[in-house]
Amino acid sequence: MKKRLSLLLILGLLLPVLLTTSCQTAEQTSDKTVALKFVRIGNDAAEATYWKRLIGDFNQANPGIKVEYDDAAIGEPMETKLNSMFSAGLGPDIIGHGILSVAARVEAGHYQPITTYFNSWEGKDDLMAAVLANGTYKNEIYGLAYSTTPFIFAWRKDLFSDAGLDPEKAPQNWEELESFSRQLTKKDAAGQITQSGFAFPRSAGNFVEFDTLVFGNGGLYYNDQGEPTLNTPDKVETLEFLAGFVNDVGIPFNSNETNPFIAGTAAMTLINNVALTPMLKNEAYAGKVGIALPPANKTPATFSGCNMLFVGGDCKQPDEAFQFIAYALTKEEVLTRAKELGIPVTRQSQVDAFIALDPMNAVRAECVAKGVGMPRATWSTTFQKIRNDLVQQVLYGKMNAADALAQAQADLEAEIAAP
Amino acid sequence: MKRRPAGSQPALRRRGKGIGLTADARAAYLLILPFFTFFLIFVLYPLLTNFTTSLTNENLATRTFIGLANYRRLLTDRSFVRSVVNTFVYAIFSVGPLMLFGFVAALLVDGSGRVQSAGRAVMIFPHVLSMVSVSMIWLYLFDPGSGLLNKLLASFGLPGSDWLFDEKLALPCLILVNVWKSSGYVMMIDLAALQSVPPSLHEAARVDGAGYLSRVFHITLPAIRPVSYFLLATLSIECFKTFEQVRIMTNGGPVDATTTITHQIYMRAFADFKMGYASAMSVVLFLIVLTITIVNLRAGGQLESDRHEAGT
């Protein structure tokens with residue numbers, strides 16, 4: 001009896017494994033179409049709906065190919081998903097990912113070069129040069145951009161009027177940014193800020209709000225040799241400027257959570273273009289929100305993220321994978337994304353049509369044109385953490401700007417040199 | 001039914017040239033086989049793989065043996081050192097209050113009245129929620145701009161606080177959330193232990209004139225000591241593994257004020273791809289938890305043997 005029970009138990013445990021294996025084998029042998037797995041960064045409903053529609057159209061137009069959609073939230077969820085899939089030798093065929101991923105994943109063999117395909121693609125001369133550069137690494141093209149995510153400066157016109165400021169005029173430089181912020185900040189009797197003059201995050205998964213100001217002060221994070229340059233006078237100046245006023249004019253928040261500007265308790269902020277879209281579509285804020293290129297100290301510039309389509313390192317059908325990429329980057333689809341999702345176009349020939357869609361699109365297009373992305377280096381992810389730490393060290397008064405930057409530079413160099 | 005001769009092996013029996021197993025023994029081994037298969041594949045093998053990975057620079061692209069370099073680096077990694085300190089602070093200031101509040105709550109709800117039944121339900125409620133949900137709820141409560149806590153303070157004319165954005169308050173806030181969530185679990189275990197204490201002991205003490213507190217300290221607490229050691233060990237292990245609320249509520253900030261060992265492992269492995277380095281951190285965490293468990297078990301065992309020797 002015991003023996004039979006034991007055998008039953010073992011069979012019961014093995015049954016799911018056997019069933020899974022047999023089902024997988026059946027799927028691979030019975031289906032003659034080429035199946036491509038697509039994993040995209042970001043899990044927002046609007047963009048997911050768009051991609052599912054596009055994939056449906058593509059599958060219908062290409063009966064021999066079947067693209068399957070999947071996505072993951074920005075940050076660790078996406079990295080965890082990709083790492084798990086590649087570790088199992090089952091990496092996706094097509095990957096939608098950001099600039100930060102390029103160098104590390106190319107070096108890890110997770111992306112295939114697509115230069116040959118690109119050279120014979122109809123849109124090769126139409127893709128914006130700055131955008132194309134984001135997917136290029138060591139003279140090979142790996143990713144083609146489908147979406148740019150510039151950081152824009154947003155302000156509340158009604159609160160400007162209440163404070164006696166010109167509602168149509170955003171601050172033009174850092175001095176105005178600080179003085180407007182102080183004018184727009186309101187506090188209760190206990191000294192607690194009830195209306196933030198300038199919403200700047202106190203913590204972040206990726207402190208690109210700080211990068212926006214660094215780029216606007218003429219700074220960059222790497223030199224011509226691709227070496228990190230954190231400890232430079234422009235960044236000292238940027239940190240000192242920030243530390244001098246943001247704590248006096250802002251309600252603390254994490255950039256991964258709701259920005260007080262979106263919650264209606266801030267008068268100005270730096271924000272991702274897509275994150276601002278729901279507020280702009282909200283009737284309650286109609287005509288009350290303005291957008292502009294962020295105020296700069298030296299160089300008009302902002303941070304601009306970029307999501308690209310890559311052919312995965314494990315992909316056995318790169319021809320079909322690139323066929324899908326080309327389909328997603330046609331002029332029609334680029335403009336559809338602009339209409340449906342408010343995403344700035346990535347093809348030069350579509351800029352005029354994009355601006356004609358909405359008067360605010362001129363600002364968005366300018367932000368993309370003057371946008372700078374994350375470093376394309378194998379140390380990008382480490383840089384992200386160290387940069388986040390250094391901004392917090394200064395905002396929390398733990399270190400002065402010069403010491404924090406010197407330490408950050410030393411830490412990053414040590415991380416790069418580590419075995 | 002045949003009886004085995006005295007002194008014979010119960011499970012092993014000589015069969016021809018080799019040593020065979022009796023049918024009972026084979027059945028027994030087969031019954032424990034699923035567990036040991038699971039243990040070997042999902043516990044022992046990953047444990048050993050983790051240790052060998054900790055001696056390499058595995059980063060998903062390369063894997064080279066680098067000896068103890070990862071361990072040496074840990075000693076100078078400010079974030080990791082801070083995470084070890086934070087984890088110990090979190091564990092110490094969580095386990096103590098949890099043991100105290102859980103025990104007091106168990107004493108209060110020990111009974112069959114309606115109030116006690118309602119009290120048990122209320123106490124256990126936070127424990128059945130997932131830590132992710134609990135963290136999201138407290139995240140909104142602690143929000144400096146629109147959070148309920150600051151609004152409550154303001155209604156009394158008191159100044160608010162930055163809570164999770166305050167370097168000094170962030171870790172105590174996480175500890176508070178943990179104590180709030182897990183007190184019900186401690187209460188439940190303590191309650192089961194309280195109900196197993198023979199009522200005759202309390203009655204005898206009452207007849208001898210012992211007051212309530214005297215009975216709690218001299219009868220209840222010694223009687224439930226094994227359960228207390230079990231709680232001490234399991235709560236300590238849980239605290240050392242804490243991750244969800246750190247990831248959701250603070251992500252280790254501000255300025256590493258709330259980063260824990262598990263959070264550092266996660267960040268190094270999945271944000272930096274440094275699997276070898278993260279594995280070294282995991283080995284350190286394993287050794288810490290192992291030490292705490294051994295110390296707990298030894299201390300518990302020692303006290304038990306003292307009790308037996310003293311005849312109590």
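The values are calculated or read from the model by the stated rules, or taken from the named source; none is laboratory data. Keep in mind that this is a model prediction, so the values were computed, not measured. Because the Cβ atoms are built from the backbone with ideal geometry, glycine has one as well, and the counts that use them run over all protein chains shown.
Going by the structure shown, is residue A:91 over 23 Å from residue A:330 (Cβ atoms), surrounded by fewer than 17 Cβ atoms within 10 Å (Cβ to Cβ) and either touching a helix residue (DSSP H, G or I) at 6+ places or on another chain (Cβ under 6 Å) or in contact (Cβ under 8 Å) with a residue 40 or more places away in the chain (or both)? Considered against the rule, which asks whether it is over 23 Å from residue A:330 (Cβ atoms), surrounded by fewer than 17 Cβ atoms within 10 Å (Cβ to Cβ) and either touching a helix residue (DSSP H, G or I) at 6+ places or on another chain (Cβ under 6 Å) or in contact (Cβ under 8 Å) with a residue 40 or more places away in the chain (or both), residue A:91 comes out as no. Checked against the criteria, residue A:340 does not count as acidic (Asp, Glu) and surrounded by 15 or more Cβ atoms within 10 Å (Cβ to Cβ). Inspect all residues belonging to the stretch B:92-115 and state whether any of them is free of Cβ contacts under 8 Å to residues at least 24 places away in the same chain, within 14 Å of another protein chain (Cβ to nearest Cβ), surrounded by fewer than 17 Cβ atoms within 10 Å (Cβ to Cβ) and in contact with a helix residue (DSSP H, G or I) (Cβ under 8 Å, 6 or more places away or on another chain). Looking for residues that are free of Cβ contacts under 8 Å to residues at least 24 places away in the same chain, within 14 Å of another protein chain (Cβ to nearest Cβ), surrounded by fewer than 17 Cβ atoms within 10 Å (Cβ to Cβ) and in contact with a helix residue (DSSP H, G or I) (Cβ under 8 Å, 6 or more places away or on another chain), one finds none in the stretch B:92-115, hence no.
Applying the set (1) assigned by TED's automatic domain parsing to the domain that holds residue A:126; (2) in a loop (DSSP other than H, G, I, E, B) to residue A:355 leaves exactly one unmet item: (2).
Counted as qualifying within the stretch A:227-344 are the strands (runs of 3 or more DSSP E) with 2 or more residues that are among the β-branched types (Val, Ile, Thr) and either more than 14 Å from every other protein chain (Cβ to nearest Cβ) or free of Cβ contacts under 8 Å to residues at least 60 places away in the same chain (or both), namely A:289-292, A:302-312. Applying the set (1) hydroxyl-bearing (Ser, Thr, Tyr); (2) under 21 Å from residue B:239 (Cβ atoms); (3) facing another protein chain (nearest Cβ under 9 Å) to residue B:29 leaves exactly one unmet item: (2). Within the stretch A:180-202, the set of residues being at the interface with chain B (Cβ under 10 Å from one of its Cβ atoms) and within 8 Å of residue A:249 (Cβ to Cβ) comprises A:193, A:196. For the stretch A:34-43, a tally of residues being under 17 Å from residue A:75 (Cα atoms) and either assigned to a helix (DSSP H, G or I) or in contact (Cβ under 8 Å) with a residue 40 or more places away in the chain (or both) returns 4. Every condition in (1) in a strand (DSSP E or B); (2) surrounded by fewer than 14 Cβ atoms within 10 Å (Cβ to Cβ) holds for residue A:124 except the one numbered (1).
Looking at the stretch B:104-137, which of the residues that are of a type outside the set (Gly, Ala, Ser) and not in a helix (DSSP H, G or I) is nearest to residue B:193 (Cα to Cα)?
Residue satisfying both the conditions and the ranking: B:110.
The residue list B:270, B:243 contains one member that is within 14 Å of chain A (Cβ to nearest Cβ), under 21 Å from the mean Cα position of the chain (by Cα) and of a type outside the set (Gly, Ala, Ser), which is B:243.
Residue-level check: of (1) in a helix (DSSP H, G or I); (2) loosely packed, with under 13 Cβ neighbours inside 10 Å, residue A:103 misses just (2).
For residue B:262, the test of being of a type in the set (Val, Ile, Thr) and more than 11 Å from chain A (Cβ to nearest Cβ) is passed.
When restricted to residues that are out of contact with any helix residue (DSSP H, G or I) (no Cβ under 7 Å at 6 or more places or on another chain), on the phi < 0 side of the Ramachandran plot and either assigned to a helix (DSSP H, G or I) or more than 9 Å from every other protein chain (Cβ to nearest Cβ) (or both), the stretch B:63-72 contains 5.
Got at least one residue in the stretch B:172-194 being at pLDDT 90 or above, within 14 Å of chain A (Cβ to nearest Cβ) and assigned to a helix (DSSP H, G or I)? Yes; the residues of the stretch B:172-194 include at least one that is at pLDDT 90 or above, within 14 Å of chain A (Cβ to nearest Cβ) and assigned to a helix (DSSP H, G or I).
Just to be sure before I move on: is residue B:130 at pLDDT below 95 and surrounded by fewer than 16 Cβ atoms within 10 Å (Cβ to Cβ) in the structure I sent? Yes.
Would you mind finding the one in A:137, A:142, A:111 that is touching a residue at least 60 places away in the same chain (Cβ under 8 Å), within 20 Å of the chain's Cα centre (by Cα), surrounded by fewer than 23 Cβ atoms within 10 Å (Cβ to Cβ) and at negative phi?
A:137
This table checks each residue for (1) surrounded by fewer than 21 Cβ atoms within 10 Å (Cβ to Cβ); (2) in contact with a Lys or Arg (Cβ under 6 Å, 6 or more places away or on another chain); (3) under 18 Å from residue A:213 (Cβ atoms).
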{"site": "A:272", "(1), (2), (3)": "yes, no, yes"}
{"site": "A:283", "(1), (2), (3)": "yes, no, no"}
{"site": "A:287", "(1), (2), (3)": "yes, no, no"}
{"site": "A:295", "(1), (2), (3)": "no, no, yes"}
{"site": "A:298", "(1), (2), (3)": "yes, no, yes"}
{"site": "A:306", "(1), (2), (3)": "no, no, no"}
{"site": "A:318", "(1), (2), (3)": "yes, no, no"}
{"site": "A:330", "(1), (2), (3)": "yes, no, no"}
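Scanning the stretch B:266-282 for residues that are of a type in the set (Lys, Arg) and in contact (Cβ under 8 Å) with a residue 40 or more places away in the chain yields one hit, B:274. For the stretch B:148-167, the set of residues classified as at the interface with chain A (Cβ under 7 Å from one of its Cβ atoms) and in contact (Cβ under 8 Å) with a residue 60 or more places away in the chain consists of B:165, B:167, listed by residue number.
Take the conditions (1) outside any helix (DSSP H, G or I); (2) modelled with pLDDT of 90 or more; residue B:145 misses just one of them, which is (2). In the set B:248, B:294, B:261, only one residue is in contact (Cβ under 8 Å) with a residue 24 or more places away in the chain and surrounded by fewer than 18 Cβ atoms within 10 Å (Cβ to Cβ); that residue is B:248. Among (1) part of a helix (DSSP H, G or I); (2) without any contact (Cβ under 8 Å) to a residue 12 or more places away in the chain; (3) under 26 Å from residue B:165 (Cα atoms), where does residue A:410 come up short? Among (1) part of a helix (DSSP H, G or I); (2) without any contact (Cβ under 8 Å) to a residue 12 or more places away in the chain; (3) under 26 Å from residue B:165 (Cα atoms), residue A:410 violates only (3).
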